[in-house]
1. For the subset of segment B:98-133 comprising residues that are part of a loop (DSSP other than H, G, I, E, B) and within 8 Å of chain C (Cβ to nearest Cβ), which member is surrounded by the fewest Cβ atoms within 10 Å (Cβ to Cβ)?
2. Considering each of A:Thr98, A:Thr108 in turn, give the residue that is assigned by TED's automatic domain parsing to the domain that holds A:Gly19, on the phi < 0 side of the Ramachandran plot, β-branched (Val, Ile, Thr) and surrounded by fewer than 19 Cβ atoms within 10 Å (Cβ to Cβ).
3. Residues that are touching a residue at least 40 places away in the same chain (Cβ under 8 Å) and buried (at least 24 other Cβ atoms within 10 Å of the Cβ): list the helices (runs of 4 or more DSSP H) wholly contained in segment C:244-344 that include at least 3 such residues.
4. Of all the helices (runs of 4 or more DSSP H) wholly in segment C:126-231, which have at least 1 residues that are more than 13 Å from chain B (Cβ to nearest Cβ) and among the aliphatic types (A, V, I, L, M)?
5. Taking the criterion of being outside any helix (DSSP H, G or I), within 14 Å of the chain's Cα centre (by Cα) and more than 12 Å from chain A (Cβ to nearest Cβ), would at least one residue in segment C:360-372 satisfy it?
6. Which one of the conditions (1) out of contact with any helix residue (DSSP H, G or I) (no Cβ under 6 Å at 6 or more places or on another chain); (2) assigned by TED's automatic domain parsing to the domain that holds C:Phe207; (3) not hydrophobic (A, V, I, L, M, F, W, C) does C:Arg58 fail to meet, given that it meets all the rest?
7. Exactly one of (1) out of contact with any Ser or Thr (no Cβ under 7 Å at 6 or more places or on another chain); (2) over 22 Å from A:Thr204 (Cα atoms); (3) modelled with pLDDT of 95 or more; (4) within 7 Å of chain C (Cβ to nearest Cβ) is unmet by A:Lys181. Its number?
8. List the number of the failed condition for A:Thr40; all other conditions in (1) farther than 18 Å from C:Thr417 by Cβ; (2) outside any helix (DSSP H, G or I) hold.
Amino acid sequence: MRVQLFGTCLVDTFFPETGEAVVRVLRHFGVDVVYPKGQTCCGKPADSAGYSRQARKAAEHFLSIFDGADPIIVPSGSCASMIRNHYPELCKNVPTLTERAERVALNTYEFSEFLVRHLKAHEAGLKGNGRLTYHASCQLTRELGVRTEPVMLLQSLAGSEFVELPQADRCCGFGGVFMGKLPEISMSMADEKAEMVISTGAGTLVGCDHGCLMNIADALTRRGSTVRVKHIAQVLAEAL
Amino acid sequence: MTDVSLLERFIENVGKVSAEAFRASGADELNSLVWRIVGEDAAGKVSVYCPRVTEKEKAVNIPPALLTDNYVSASVCVEEAFAAVAETGSLIWSSRSGKPVQGGLLPAHHLAIVSAEHIYESFEDLFAALGPNLPTNITVESGPSRTADIELTLTVGVHGPERLTIIVV
Amino acid sequence: MSRDTAPIPFRENSARALNDAALRHALVVATDAFVRLRTAAVTSIPFEDWRARASDIRMEVLEGLPQYVERFTEAATKVGAQVHYAVDASAAREVVASILTGHGVRKVVKAKSMVTEEIHLNHHLEGLGIEAVETDLGEYIVQLAGETPSHILAPAIHRSRKDVGKLFAEKLGVPYSEDPAVLTKVARKALREKFLAAEAGISGANFAVAETGSIAIFTNEGNGRMVTTLPRLHVAVFTIEKILPRLADLAFFARMLPRSASGQPLSSYLSIITGTRKPGEATGAEELHIVLLDNGRTRIRDSEFREILKCIRCSACLNVCPVFRKVGGHAYASTYPGPMGIVLTTLLDGMERAHPLLDATTLCGACSEVCPVKVPLVNLIRALRERKVEMGFTSGAEKHAMTAFGAAVGSPFLFRTGQAMWRVLWGLARHVDRPPLNRLPRPAADTFRRRLR
């Protein structure tokens, strides 16, 4: 099986180790990974902020690089949702793009979703250690409906203990532009999330979206916490 | 013949809205129940308002010394409901009965009598039975008056009764 | 439209709210409780089916709104009500005022109505020497304190029992107590006097029924009953989209509204009022005036944002909103706060005043998930943000950043250049004393793309 990998701009710029982990995990399950050149950003920051012209530009560029022939894997719930749920709507008035947008949307998967549904990675007997907890990002849960897959993966790790995060799916306060526009509220939300994480006694917080993880990590640092913050791809790569 | 499970559902749901439900199988049992329940209210301060419009209301036996025509100052209102709805444990009061609906709203204790054959399963059933010409006021009463406006602390007996007792006959 | 077009200082308001420890505690307690109650109530019903049906019924009304207004007017008039159509807030205030002054009314009791907040009715009546007392306990507290409500369902949730104790002691001359049960009894006594002395009752309506010309009022306290059965004159004010087609629809919404709002299968009281007192009845207003208010509803209904008009004012979206939970209703400085408030306020008051509210969300989607009539709140807010950008209510800096972003996403070269610049700027941004600039993550020395080579 071959897949196309959309790294996402956050992974490319700030967290390349996550990208490497994604590739390692997929290859472990016998999947060929192609990384189409010239990737940029899915356009979500512009779309959320009401700049549909720029969002459409991002979509056009994405669709010129990804054709949807092979599954497109995305290590981010918000980006995957942008492509799957918003690209068709965004491109509906551009005749040259609509068909491709629909095709791509049908073939785009968030990383953990793909691992569970198509690769059965939760039955692969992976190993972990320590106590883990999980933050459920907003678009991942509410727009993609991916709620159980990340938990199944984490719970399947022999040797590690999974503990549920209270209010796991309550927003962490990142919200892209929100963090910049209303930083006081954003920080307060992140602080509350960090408190919940600390209350679980977990050594590692896991998530599927680096935007959220960045924000929560910052709050944990502010509290002087030593809880590690990792993308699920990294945890799984370490579990192989 | 009344549906026993409908009655049981009604009584169960009455309990869920913090009202009390009793059953009486005839005028005598009704009377002694009314007397006993009214007697539970603050001794010496009981004053009963009873509209005496329906047959059952007329049959209720309250010592004249305790009776009052003034529902504003009465401590308990004893009256028969127009109907009830099992789904929510609700009583239905209708202005078509010729009684002041507000009579049951002001006293601290509302003691309602309802006939088992006037219990409907749902509001759809009730509305269908009421037909196209509605009375001016239909009041649906589901438990005592309550609020949680202060610190979300539930307190009972705001503008309406703090105690709602229902006797099904 | 509000005459005040100065942009709502949401950020300043919310910063103040975040520093108010008592408010923050109250908000957490209240919203957590409401969410818990609502969740328990909807797990035992086929919620997704029901909300699809509820949405359909509401859309049916919006699609045929003029006909439903006509049908309701006809039916209500037939049963003795006098129906007035008010195009805007000012017209509605005048109609109500002239009804009251025409009857020489000086004392009015009110049952909770958001719409009368929207049109600033109380203030107008006070100016005419008419006392309009709020009878919902939360509204009464807020009125005594000279404030506005901070939550649709629990207007005084921002006030602690100590606050209320002090307020009652000061304004009502009663001994201080902080026991909610005692305070409730104090209010019961004070308001009962007002109920009995009132010459008119003003209410809103949770719903109106076109088929029968009825209006429906849900309360837990019983003040809805009081206001509509004690005085001989009743004035009901509500906006046109509150209409439901049939009585059977009311039965259905009677299951949805209380569950969504407070987790109850039904509120303690539901009054269904159909016209004026008829021969042989001992209950019912002798004179009933219904003021059907438009105030922008037709305009909204004709726009791409019409689905906000499905809203049944349950406040489920407020309680689940992580931003509302932090700052409370007053930060929005509008009649309607929270997610539905962001949308409705922008549409009613205009972009100039309301655009800061469009920032008051992370678009997390919790609101859209709980809405009992499937108002697509996230999509509506996003569409309004587009409007905001088109109308130019964004900063120059943001526009430039987005232009650069637009260029970068279409050109891998520019994108890489941007990433390189980021690495340079990051070192500088660390020293800026302004979040989140000083909290931004460190760009990796090697992009993922480069590592793959």
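The values are calculated or read from the model by the stated rules, or taken from the named source; none is laboratory data. The model shown is predicted, which means the values in this text are computed figures rather than measured ones. Glycine gets a Cβ as well: all are built from the backbone with ideal geometry, and neighbour counts include every protein chain shown.
1. Going through segment B:98-133, the residues part of a loop (DSSP other than H, G, I, E, B) turn out to be B:98-100, B:105-108, B:115, B:121-122, B:131-133.
Now restrict to residues that are within 8 Å of chain C (Cβ to nearest Cβ): B:98-100, B:105-106, B:122, B:132.
On the way: B:Gly98: 13, B:Lys99: 24, B:Pro100: 24, B:Leu105: 26, B:Leu106: 25, B:Ser122: 15, B:Pro132: 7.
Here the answer is B:Pro132.
2. A:Thr98
3. So the answer is C:247-262, C:316-320, C:322-327.
4. Working: elements: C:137-144, C:161-172, C:180-197, C:223-229.
Filter on segment C:126-231 gives C:161-172.
5. Of the residues in segment C:360-372, the ones outside any helix (DSSP H, G or I) are C:360-365, C:371-372.
After this cut, where a residue has to be within 14 Å of the chain's Cα centre (by Cα) as well, the list is C:371.
From what's left, more than 12 Å from chain A (Cβ to nearest Cβ): C:371.
Among the residues of segment C:360-372, at least one is outside any helix (DSSP H, G or I), within 14 Å of the chain's Cα centre (by Cα) and more than 12 Å from chain A (Cβ to nearest Cβ), which makes the answer yes.
6. That leaves (1) as the condition not met.
7. Checking A:Lys181 against (1) out of contact with any Ser or Thr (no Cβ under 7 Å at 6 or more places or on another chain); (2) over 22 Å from A:Thr204 (Cα atoms); (3) modelled with pLDDT of 95 or more; (4) within 7 Å of chain C (Cβ to nearest Cβ), the one that fails is (3).
8. Checking A:Thr40 against (1) farther than 18 Å from C:Thr417 by Cβ; (2) outside any helix (DSSP H, G or I), the one that fails is (1).
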